[in-house]
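Beneath this line is the structure, given in structure tokens, with notes to follow.
The values are calculated or read from the model by the stated rules, or taken from the named source; none is laboratory data. Since the model is a prediction, treat every value here as computed from it, not as a measurement. Positions of Cβ are generated from backbone atoms using ideal geometry, with glycine treated the same way; all protein chains shown enter the neighbour counts. Just so you know, the surface numbers come from the protein's heavy atoms only, side chains and all, with ligands and any DNA or RNA stripped out. Shrake-Rupley method; radii C 1.70, N 1.55, O 1.52, S 1.80 Å.
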Amino acid sequence: MKKVLIIILITVFVVGSLFAGGKKEGEKIIVGTSAGFRPFEYREKGVVTGFDIDLMTEIGKALGKEVVVQDMDFDALIEAVSTGTIDVIAAGMTITDERAKRIDFTVPYFTADQAVLVRENTDIKGYAIEDINNSSIKIGVQTDTTGSFWVQDNAPDATLQQYGKYIECIQDLENQNIDLIIVDKPVASAYEANRPVKVAYVIKTDEQYGLGLKKGSDLYESVNSALKELMKSPTWEKLMSKYFGE
Ligand code: GLN
């Protein structure tokens, strides 16, 4: 009787783990991102892809772990990594002192500025940085981004409209519900190439992107070293030219 029970238990365990894809806990890295931030993360035929996703896939390969992507609002990422819902943030996230109090950042992997994005047919003369600090100007930002902090610090009189995702923000710009968007320059350029919008100005901020992990995460050392190795490898050049080449 005992033997039968043991055989049943073993069968249940083996079949169960087959259904779980044969993956044990710890063999997957759950990556949190916020799609709509082309070329870093965006949806193609419904699937989230982009520079950050390829970068994490390479890190996953180096660590022998499967990468699973979870798409969410940008302002939910820090909480999600702190509570363990996700393992790593890969979302073009700028390393800031405030954020570094809550999460651990890897070495920087990208440098960017902010940009003022307007509709294609806008006369940019009225949109100089000193002109947009005006309550009649409606500025769209993604909540909790460095673009949103820039507006709060530099154009406090403007009417600030916050969005969970840039996708909705761009739609509102095209529909004339807002006048401009402050967004990271590489992303503004990608929107310029794909939608009826243009970059009016670049705001030099010299921000550096890092991957974000829970404070004291066991994964930190391996992810950080894999990123450093990747940045020295020919694969990095390939990634850069795939997403930022001419
Ligand atoms: N780099 C900006 C930030 O960290 C924007 C990132 C994003 O919107 N995905 O706030």
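For the stretch 74-98, a residue qualifies if it is more than 10 Å from the ligand (Cβ to nearest atom) and of a type in the set (Asp, Glu), and the qualifying residues are Glu79, Asp87, Asp97, Glu98.
Within the stretch 198-224, the residues that satisfy the criterion of being among the hydroxyl-bearing types (Ser, Thr, Tyr) and touching a Ser or Thr at 6+ places or on another chain (Cβ under 9 Å) are Thr205, Tyr209, Tyr220. Being surrounded by fewer than 17 Cβ atoms within 10 Å (Cβ to Cβ) and within 16 Å of the ligand (Cβ to nearest atom) holds for only one residue in Lys101, Lys185, and it is Lys101. Residues of the stretch 44-68 being in contact (Cβ under 8 Å) with a residue 24 or more places away in the chain and either assigned to a helix (DSSP H, G or I) or within 14 Å of the ligand (Cβ to nearest atom) (or both), which ones? Correct list: Gly50, Phe51, Asp52, Ile53, Asp54, Leu55, Met56, Glu58, Ile59, Gly60, Ala62, Leu63. Of the listed requirements (1) at pLDDT 95 or above; (2) open to solvent by 60 Å² or more (accessible area, probe 1.4 Å), Asn194 misses just one: (1).
Name the residues in the stretch 140-150 that are surrounded by 23 or more Cβ atoms within 10 Å (Cβ to Cβ) and free of Cβ contacts under 8 Å to residues at least 40 places away in the same chain, would you? Within the stretch 140-150, just Gly147 meets the criteria.
Of the residues that make up the stretch 10-32, is at least one closer than 30 Å to Ala115 by Cβ, at pLDDT 95 or above and open to solvent by less than 50 Å² (accessible area, probe 1.4 Å)? Checked the stretch 10-32: at least one residue is closer than 30 Å to Ala115 by Cβ, at pLDDT 95 or above and open to solvent by less than 50 Å² (accessible area, probe 1.4 Å).
Looking across the stretch 211-242, the residues that are free of Cβ contacts under 8 Å to residues at least 24 places away in the same chain, under 18 Å from Phe40 (Cβ atoms) and surrounded by fewer than 16 Cβ atoms within 10 Å (Cβ to Cβ) come down to Glu237, Lys238, Met240, Ser241.
Of the listed requirements (1) under 18 Å from Asp71 (Cα atoms); (2) surrounded by 17 or more Cβ atoms within 10 Å (Cβ to Cβ), Glu168 misses just one: (2). Scanning the stretch 105-126 for residues that are within 11 Å of the ligand (Cβ to nearest atom), of a type outside the set (Val, Ile, Thr), farther than 29 Å from Thr83 by Cβ and not in a helix (DSSP H, G or I) turns up at least one hit.
Checked against the criterion of being within 10 Å of the ligand (Cβ to nearest atom) and acidic (Asp, Glu), the candidates Asp153, Asp144, Asp131, Asp157 yield just one match: Asp144.
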